[in-house]
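Please read the structure below before turning to the comments.
The values are calculated or read from the model by the stated rules, or taken from the named source; none is laboratory data. On a predicted model such as this, the values are computed, not experimentally measured, just so you know. All Cβ positions, even for glycine, are placed from backbone atoms using ideal geometry, and neighbour counts span all protein chains on display.
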Ligand SMILES: Cc1ncc(C[n+]2csc(CCOP(=O)(O)OP(=O)(O)O)c2C)c(N)n1
Ligand SMILES: [Mg+2]
């Protein structure tokens, strides 16, 4: 979570300096991303949206590869097949059908068919998501849908996008689903571990809706202060999962200052390399 936070912060800086064209921050969503990615493990193929930087780093995408697309240097940046982490998808919800189709195709060929699809709350309003949930349910596809509900589709609040939770909607398609708070990686890890076990054992889909708080604007081109109250932004920043979990680990005595020092040094090095490569 600390590595993702550092890389994300450096990418934001690089964008401000004109080295990147755009950046979509994952700050506030690190617990949801790290908890879910660790819970499913290295085997499933991941179909991300465009903000899953912590998942990407866990899968072995380097910081330089991660930002390449946002500087217009490549169409992707990493090896999607080797890392089992597909390219970021900016056409909202397109990855849901890609993921379900991939899983079905893999099963037909007798290969690993466990697929994880990441999606945002706003993208679930696209027809593709409904088609993907229905197809996954009908075909009993081994797909875990992970929805990070950060309460916003750019400037559109989630409460104006849907009348039920996404978990409730998934159940309407015949997919078992849970909704969990996304501020603590251990809560997310437990919920996603249970869901992943279900997908593996029953070879059928499952959905986990994770409530997260978006700390920054939708992208570096978005001024969220225009449509979002100061209190709401302050609330999201106060609920920062990275500082909260770091404090919890420190207080519990599980890790000491030297451990944090090691991580900080690693993050500093990664940030320096990123600047050298891109600035
Ligand atoms: C098909 C399509 N329609 C519209 C857009 C423009 N657009 C980009 S991001 C976004 C909001 C997505 O919100 P959400 O799914 O909640 O993801 P978040 O950015 O909050 O992580 C929109 C409308 C798009 N990229 N693709
Ligand atoms: Mg959203």
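Remarks
- Residues satisfying the stated conditions in the stretch 129-154, i.e. farther than 17 Å from residue 44 by Cα, within 16 Å of ligand 2 (Cβ to nearest atom) and surrounded by 15 or more Cβ atoms within 10 Å (Cβ to Cβ): 129, 148, 149, 150, 151, 152, 153
- Residues of the stretch 203-215 that turn out to be surrounded by fewer than 20 Cβ atoms within 10 Å (Cβ to Cβ) and within 16 Å of ligand 2 (Cβ to nearest atom), as a count: 1
- Residue within the stretch 82-89 that is part of a helix (DSSP H, G or I), more than 14 Å from ligand 1 (Cβ to nearest atom) and more than 14 Å from the chain's Cα centre (by Cα) present: yes
- Residue 32 within 14 Å of ligand 1 (Cβ to nearest atom), outside any loop (DSSP other than H, G, I, E, B), modelled with pLDDT of 95 or more and under 23 Å from residue 205 (Cβ atoms): yes
- Helices (runs of 4 or more DSSP H) (entirely within the stretch 166-279) containing at least 1 residues that are touching a strand residue (DSSP E or B) at 6+ places or on another chain (Cβ under 9 Å) and free of Cβ contacts under 8 Å to residues at least 40 places away in the same chain: 166-172, 185-202
- Filter result (under 24 Å from residue 16 (Cα atoms) and either in contact with a strand residue (DSSP E or B) (Cβ under 8 Å, 6 or more places away or on another chain) or surrounded by fewer than 16 Cβ atoms within 10 Å (Cβ to Cβ) (or both)) within the stretch 74-123: 74, 75, 76, 78, 89, 90
- When 66, 14, 38 are screened for being more than 16 Å from ligand 2 (Cβ to nearest atom), over 10 Å from the mean Cα position of the chain (by Cα), free of Cβ contacts under 8 Å to residues at least 60 places away in the same chain and part of a helix (DSSP H, G or I), only 66 passes.
- Restricting attention to the stretch 155-170 and to residues that are within 18 Å of residue 206 (Cα to Cα) and surrounded by 15 or more Cβ atoms within 10 Å (Cβ to Cβ), the residue that is nearest to ligand 1 (Cβ to nearest atom) turns out to be 166.
- Selection count where residues are in contact with a helix residue (DSSP H, G or I) (Cβ under 6 Å, 6 or more places away or on another chain) and more than 16 Å from ligand 1 (Cβ to nearest atom), scope the stretch 117-153: 7
- Number of the condition not met by residue 95 [criteria: (1) within 16 Å of ligand 2 (Cβ to nearest atom); (2) in contact with a helix residue (DSSP H, G or I) (Cβ under 6 Å, 6 or more places away or on another chain); (3) part of a helix (DSSP H, G or I)]: (2)
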